[in-house]
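See below for the structure under consideration.
The values are calculated or read from the model by the stated rules, or taken from the named source; none is laboratory data. This is a predicted model, so every value here is computed, not measured. All Cβ positions, glycine included, derive from the backbone under ideal geometry; neighbour counts span all protein chains shown. Note: areas computed on protein heavy atoms with side chains; ligands, DNA, RNA excluded. Shrake-Rupley method; radii C 1.70, N 1.55, O 1.52, S 1.80 Å.
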Amino acid sequence: MKKSLIAGNWKMYKTPSQSVEFVKLLLENLKEYEDREILICPPFTSLFPVSQIIKNTSVLLGAQNVYFEEEGAFTGEISPVMLKDIGVEFVICGHSERRNIFGETDEMINKKIKKVAEIGIKPILCIGEKLEEREAGKTFEVINYQLENDLENFEKFENLIIAYEPVWAIGTGKTATPQQAEEVHVYIREFLSKKYNKEVAENLRILYGGSVKPENIDALMKEKNIDGVLVGGASLKVEAFKRIIDYIT
Ligand code: PGA
């Protein structure tokens, strides 16, 4: 059975002590689900203390970024080997904030997902169009371009997760409608089916991200091709994140 994935991306929020406090509260009365996985992606400085608390629980640990070399003279960077050593199982790669604020290119993102998968961590590849691209009717063109380039020569698809995050819906309170999201998810699955094969396309989890909140989670998760969500703002509050985890379909 393909489990859904409910992932929280904390971005640059929460100190290590705030992170620990959050996770302790989250674990209190957290329901156990057979059909879903729960993931939190705190900032780098919180990864180790959080890893100590979620050990032997159902909550999984992810990082928000990584460099594509294992070690070396790369001041300020963190390698996938370092992440793996502290129990990180997932890494968000190519988030639109990394692309747009920090100038990450598709070439860099491609190198990141390859290295991460090679080390045995699951990359969560983020793709999505900007508002002007959607308005110009270029959504599928952009998605196609990102998939072509980010997945070039990438074969470790069993560990890959894709997150469709329309840039215009991130942090804006504007969510894509379930239908708008589903349409792009279907497109992504067709792309994967052509690039790899039908089985890979069906098994690969495609998450939706962009202003996911308790009010819209149930409708989003009802869509056939939405296999989970990547949640920013609403993952910072225990109550809201719990409600998202407890989505009802
Ligand atoms: P948001 O962020 O839920 O705050 O819109 C989503 C994301 O950037 O992954």
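Please list, ordered by chain and number, the residues whose modelled amide H lies under 5 Å from the amide H of V91; skip anything fewer than 5 residues away on the same chain.
The list, which skips near neighbours in sequence, is A63, K122, I124.
Determine the calculated [θ] at 222 nm for the chain from helices alone, applying -39500 (n - 2.57) to every DSSP H run no shorter than 4 residues and normalising by the residue count; nearest 500 deg cm²/dmol.
Computed ellipticity for the chain at 222 nm equals -12000 deg cm²/dmol.
For the range 78-88, just list the computed ³J(HN,Hα) in residue order, Karplus coefficients 6.51, -1.76 and 1.60, θ = phi - 60°, integers in Hz, with x standing in for Gly and Pro.
10, 9, x, 5, 5, 5, 4, 4, 9, x, 6
Show me, for the range 125-142, the HN-Hα J-couplings you get by feeding each phi into the Karplus relation (A = 6.51, B = -1.76, C = 1.60, θ = phi - 60°), rounded to Hz, glycine and proline as x.
7, 9, 9, x, 8, 7, 4, 5, 6, 5, 5, 8, x, 9, 3, 5, 4, 5
So for each of 32-41, 48-57 I average, over its residues, the number of other beta carbons within 10 Å; can you give me the resulting order with the highest mean first?
Ranking the peptides 32-41, 48-57 by packing returns 32-41, 48-57.
Assign one of three labels to the range 61-162, namely rounded, prolate or oblate, based on the Cα gyration tensor with a ≥ b ≥ c the square roots of its eigenvalues; rounded applies when a/c is under 1.5, prolate when it is not and a/b is larger than b/c, and oblate otherwise.
Working: a/c = 2.20, a/b = 1.74, b/c = 1.26.
The shape class here is prolate.
I'd like to check one number: the per residue accessible area of the range 4-245, probe 1.4 Å, reported in Å² as a whole number.
Here the residues of the range 4-245 average 46 Å² of exposed surface.
Starting from the amide H of G209, placed 1.01 Å from N in the peptide plane, find each other amide H under 5 Å away whose residue is 5 or more places distant or on another chain.
Y164, E165, L230
On the protein heavy atoms, probe 1.4 angstrom, tell me the percent of accessible surface of the chain carried by carbon and sulfur.
Ligands and nucleic acids excluded, carbon and sulfur reach 50 percent.
Over all distinct alpha-carbon pairs, what is the Kirkwood Rh of the range 128-249 in angstrom?
In the range 128-249 this quantity evaluates to 14.8 Å.
With an 8 Å cut-off on Cα pairs and a minimum separation of 6 or more residues, tell me the relative contact order of the range 86-227 in percent.
It comes to 23 percent, rounded to a whole number.
If ligands, DNA and RNA are left out, what is the accessible area of E135 with a 1.4 Å probe, given in Å² to the nearest 10?
140 Å²
Over all distinct Cα pairs, what is the inverse of the mean 1/r for the chain, reported as the Kirkwood hydrodynamic radius in Å?
On the way: mean 1/r = 0.0554 Å⁻¹.
18.1 Å is the Kirkwood radius here.
When the solvent-accessible surface of protein heavy atoms is calculated with a 1.4 angstrom probe, in what order do T249, T75 fall, highest first?
Numbers: T249 105, T75 140 Å².
The ordering from most to least exposed comes out as T75, T249.
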